[in-house]
Amino acid sequence: MICALGILGFLLAFGPILQLLGMGGGAATLALFLFGLNIAHLLVIIGLLQMSATALTWAYVFYGIGLLLDLVMVDVIGALISGIILFYLVSVSHKFT
């Protein structure tokens, strides 16, 4: 279920990335950077499905940064989702190898 939320977030991120890409210039450069981060996020999700401890560490980083950004931008729903995912990952961390 948590990986499904991650995949949903991965897919939803493409909307803003494509909007930035369409603006050109510096926004397009930012879009390419965000595209790279989004692909890295997908790789972390795949690693989580395989119960990889390395993927768990990177998931803490990605979702922790996401939580901080959501709090700064006062995105209550995003912060709630990131917080739930982080809480869940911590609670099952003993299962990762």
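Results, tabulated for the structure shown:
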read-out: 0 to 90° range, to nearest 10: angle between helix 14-23 axis and the chain longest Cα axis; value: 20 degrees
read-out: Between region 1-33 and region 42-83, the alpha-carbon center distance in angstrom; value: 15 Å
read-out: The chain: relative contact order in percent, alpha carbon pairs under 8 Å with at least 6 residues between; value: 23 percent
read-out: Nearest-ten-degree value, helix 53-72 long axis tilted from longest Cα axis of the chain; value: 50 degrees
read-out: Kirkwood Rh, Cα atoms: Rg over Rh of the chain; value: 1.00
read-out: CD proxy at 222 nm, helix term only [per DSSP H run n ≥ 4: -39500 (n - 2.57); per residue of the chain; nearest 500]; value: -28000 deg cm²/dmol
read-out: Max mean-square fluctuation residue, GNM over the chain, Cα-Cα springs under 10 Å, options Ala28, Ala79, Ala55; value: Ala28
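Rule-based calculations on the coordinates, nothing more; no lab input. Bear in mind that the values here come from a model prediction, so they are computed numbers and not experimental data.
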